[in-house]
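Single-structure report; data block below.
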Amino acid sequence: MPTFYVDLDNTLADRAGAYRAWAVDYLAERGADPSLLDAMVAADRDGLGRKQDTVDDLTRLLDLGPEESEQILDRFRAGIVERLQLMEGAADALSAIRGAGWRVVIVTNGATSQQTAKIERLHLADMVDGWVISEAAGVSKPDPEIFRRAAAVVGEPIGTDDWMMGDSAESDVAGARAVGMRSIWLTRGRPWPAGPEEPTLAVDTWDEVAAAVLATTIAG
């Protein structure tokens, strides 16, 4: 059976929702203007920018003192983990895919301690066959090497029947294409960006995923 590779942040885990929830609570804790919420969300850059840039933006936005500024990265990282939830439909889809004999491996960019904490928080070890985290691997998506490391987790080479699912056109879809896999792009309500070659499949929710993946098993 082939392998289903899957991104963590904003694919399996609702990181954006968790960050927003933390930001709401943090503003309330400080007695700050709730209208700053959208600016706090923008400062996060959907988790894809340099963390120091986010720290600098939050420091200016919230007028943080030196000690608060030094602590804010740890505060929002912990806050995200505490509020993190699985994307709706993800658990059922993973169960169906693994139940059909597929292997499932998480491929995620990020800090090892933070990504591991998310995996533990969501009990994903019970739902997948393993994972690769970029900091520990020393290489990040879309570099083909991280996908080869992920394939080694289950002891199988990457095949054309494999799928990679994620929410990033650059990291997930382009990365899958580079190693000859099919790709599923989780739209999160966004249009496909101009320029990159489109994914094999674009979905709005996890509800469509298991059926699409298992249909390729039957077709094969």
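Cβ-to-Cβ counts within 10 Å put Lys141, Lys118 in ascending order as Lys118, Lys141, the fewest first.
Tell me, what is the FRET efficiency for Lys51 and Glu88 to the nearest 0.05, using R0 = 25 angstrom and their Cβ-Cβ distance as r? Mind dumping the intermediate values first?
On the way: r = 28 Å, r/R0 = 1.11.
According to the calculation, E is roughly 0.35.
Give me the percent relative contact order of segment 144-194, please, defined on Cα pairs under 8 angstrom at least 6 residues apart.
On the way: 61 pairs, mean separation 17.0, N = 51.
Once normalised by length, the contact order is 33 percent.
Each residue of segment 66-75 was assigned a 3J(HN,Hα) from its phi angle through the Karplus expression (A = 6.51, B = -1.76, C = 1.60, θ = phi - 60°), giving x, 5, 5, 5, 5, 8, 5, 4, 5, 5 Hz with x at Gly and Pro. Roughly what percent of Cα-Cα pairs across segment 16-83 reach past 14 Å? Summing the P(r) tail past 14 Å for segment 16-83 gives 53 percent.
Length gained on full extension, Arg60 to Thr205, computed as 0.36 nm times the residue gap minus the Cα-Cα distance: 48.6 nm.
Residues Val213, Val107, arranged from fewest to most other Cβ atoms within 10 angstrom of their Cβ, appear as Val213, Val107. In whole Å, how far is the Cα centre of segment 17-82 from that of segment 103-127? Answer, in whole Å: 23.
When only DSSP loop residues count, what trypsin sites (Lys or Arg not before Pro) in segment 1-101 have their Cβ near at most 16 other Cβ atoms within 10 Å? Here the sparse-neighbourhood loop sites are Arg50. For segment 16-83, the relative contact order is 41 percent, taking Cα pairs closer than 8 Å that sit 6 or more residues apart in sequence and dividing their mean separation by the residue count. A simple charge model with +1 on the Cβ of Lys and Arg, -1 on the Cβ of Asp and Glu and nothing else charged puts the dipole of segment 16-83 at about 240 debye relative to its Cα centre. Coupling constants for segment 50-56 follow from the phi torsions by the Karplus curve (6.51 cos²θ - 1.76 cosθ + 1.60, θ = phi - 60°), and in residue order they are 5, 5, 5, 5, 5, 4, 4 Hz; glycine and proline get x. Among Gly101, Gly166, Gly175, the largest mean-square fluctuation in a Gaussian network model of the chain, built with springs joining Cα atoms closer than 10 Å, belongs to Gly101. The order of Asp7, Asp74, going from fewest to most other C-beta atoms within 10 Å of their C-beta, is Asp74, Asp7.
The calculated FRET efficiency for Glu197 paired with Ala152, based on their beta-carbon distance and R0 = 25 Å, is about 0.40.
Largest first, the extents of the alpha carbon coordinates of the chain on the three principal axes equal 59, 35, 31 Å. Taking 7 Å along the Cα-to-C-beta vector as the label spot, tell me the Val139-Ala125 distance in nanometres, rounded to one decimal. Simple spin-label model gives 2.6 nm for this pair.
The label-point distance for Ala212 and Ser69, in a model that sets each label 7 Å from Cα toward Cβ, rounds to 4.4 nm. Springs between Cα atoms under 10 Å define the GNM used for the chain, and in it the highest mean-square fluctuation of Glu29, Glu120, Glu70 occurs at Glu29. In the elastic network of the chain, a GNM with C-alpha springs shorter than 10 Å, the most mobile of Asp129, Asp172, Asp38 is Asp38. Listed values for segment 177-191 are Karplus-derived 3J(HN,Hα) couplings in whole Hz (6.51 cos²θ - 1.76 cosθ + 1.60, θ = phi - 60°), namely 4, 5, 10, x, 8, 7, 9, 10, 9, 7, 5, 6, x, 9, x, and x replaces Gly and Pro.
Rule-based calculations on the coordinates, nothing more; no lab input. These numbers were taken from a predicted model, which means no experiment stands behind them. Neighbour counts are summed over all protein chains in view; Cβ atoms, including those assigned to glycine, are modelled from backbone coordinates with ideal geometry.
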